[in-house]
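The values are calculated or read from the model by the stated rules, or taken from the named source; none is laboratory data. What you see is a predicted model, and the numbers here were worked out from it, not measured in a lab. Neighbour counts are summed over all protein chains in view; Cβ atoms, including those assigned to glycine, are modelled from backbone coordinates with ideal geometry. For the accessible areas, the whole protein counts, side chains as well, though only heavy atoms, and no ligand, DNA or RNA atoms are used. Shrake-Rupley method; radii C 1.70, N 1.55, O 1.52, S 1.80 Å.
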Amino acid sequence: HRALTNYIQWAAKHYASEEKFIMPLFTTIGFDLTVTSLYLPLTSGGTLVIYEEQAGSADLSILDVVEDNAVNIIKLTPSHLALLKERDLSHSHINCMIVGGEDFKVRLAENIQTAFGVSLRIFIEYGPTEATVGCICHQFSPSDIRHTSVPIGRPIDYMEAYILDAVGHPVPEGISGELY
């Protein structure tokens, strides 16, 4: 369980910077992002607000979270954010978003940043389930507009990432390979 402990401790330092942070739990326990939503507030002195799953689609629960306006940090997917694209969110208390699980397009990140306001911090997390939720992170910034997708970032504390060729050797910078 060291990888989970490392991830949660790292997340507390990077995301839960407010004295009083409040996170929603709106996804099922089998979903990777639920690990962050559940353990981060419980181990770091935050508050957890539990939402009932919407009939028909768990993704629609995000609408309850936003309308309730009771949380200030949230972990979600780009698909969740797509449901919020056309809404006026300037009144929202959410000031930190952790986004993962899918390719996060820069255009969507820009739309969400504009809708919530410039004080919103948006982080993209990458990590296969086997590596315990998130092991690579990047904070979205205006300089990301030169890309189609938000970069996945750099490894978190005590994690390493390698780009390897087909036989497992490191590739030179700028050469395509597989992420390990």
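Report yes if some residue within segment 147-154 is basic (Lys, Arg), free of Cβ contacts under 8 Å to residues at least 12 places away in the same chain and open to solvent by 90 Å² or more (accessible area, probe 1.4 Å); otherwise report no.
no
Answer yes or no as to whether residue 141 is surrounded by fewer than 16 Cβ atoms within 10 Å (Cβ to Cβ), within 23 Å of residue 11 (Cα to Cα), modelled with pLDDT under 95 and not aromatic (Phe, Trp, Tyr).
The answer is yes for residue 141.
When you scan segment 128-150, do you find a residue that is touching a His at 6+ places or on another chain (Cβ under 8 Å) and in a loop (DSSP other than H, G, I, E, B), even just one?
Yes.
Checking the structure you have, find out if any residue of segment 145-163 is of a type in the set (Val, Ile, Thr), modelled with pLDDT under 90 and more than 21 Å from residue 179 (Cα to Cα).
yes
Report the residue count in segment 29-56 for those that are in contact with a helix residue (DSSP H, G or I) (Cβ under 8 Å, 6 or more places away or on another chain), at pLDDT 85 or above and closer than 22 Å to residue 132 by Cβ.
Counting residues in segment 29-56 that are in contact with a helix residue (DSSP H, G or I) (Cβ under 8 Å, 6 or more places away or on another chain), at pLDDT 85 or above and closer than 22 Å to residue 132 by Cβ gives 8.
Does residue 133 fit the bill of being touching a helix residue (DSSP H, G or I) at 6+ places or on another chain (Cβ under 6 Å), β-branched (Val, Ile, Thr) and within 22 Å of residue 180 (Cα to Cα)?
Taking the combined requirement at face value, the residue satisfies it.
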